[in-house]
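Here the structure is laid out as structure tokens; the discussion comes afterwards.
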Amino acid sequence: MKPALLLSLCLFTPLTFAAPTAIPLSDVRITAGPFLHAQQTDMHYIMSMDPERLLAPYRKDAGIATTAENYPNWEDTGLDGHIGGHYLSALALMYAATGDKAVLDRLNYMVAEFRQVSASPWQWLSWRCA
């Protein structure tokens with residue numbers, strides 16, 4: 001093929017690409033290296049959080065007795081309960097990425113407790129569960 005013809009084909013032939021598609025986290029596993037270390041560090045951190053302390057502000061607002069105190073800082077100065085949704089997301093994403101049963105158990109526990117709080121007669125006070 002002559003160079004001029006090849007050049008014109010390259011310049012005037014539209015390129016087509018397949019549309020990108022998402023790959024579910026459950027289809028990917030990190031097996032080694034710094035990304036695995038980061039994932040394990042993240043999982044250790046989220047599993048070290050005390051679910052009872054995370055649930056305390058919701059339970060208090062719903063009139064349900066709690067034995068745990070809120071976490072400090074944002075969690076006891078007007079934004080209490082703020083972390084709850086982030087925590088559920090972190091657990092769900094970590095379970096999807098690892099398939100770890102302990103993470104799933106924690107996620108199921110948190111969802112069940114949120115369901116109990118939202119069923120409280122005082123649920124209108126528990127705006128954080130909306």
message: With the alpha-carbon atoms as the only input, what is the per residue convex hull volume for region 34-127 in Å³?
response: 93 Å³
task: For region 34-127, give the magnitude of the charge dipole about the Cα centre (Cβ charges: +1 Lys/Arg, -1 Asp/Glu; no others), in debye to the nearest 20.
output: 240 debye
query: Any idea of the accessible area per residue across region 34-127, 1.4 Å probe, to the nearest Å²?
result: 59 Å²
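The values are calculated or read from the model by the stated rules, or taken from the named source; none is laboratory data. For clarity, every value in this text was computed on a predicted model and none was experimentally measured. No Cβ is skipped: glycine too gets one built from the backbone with ideal geometry, and neighbour counts run over all protein chains shown. Surface areas here come from the heavy atoms of the whole protein model, side chains and all, with no ligands, DNA or RNA. Shrake-Rupley method; radii C 1.70, N 1.55, O 1.52, S 1.80 Å.
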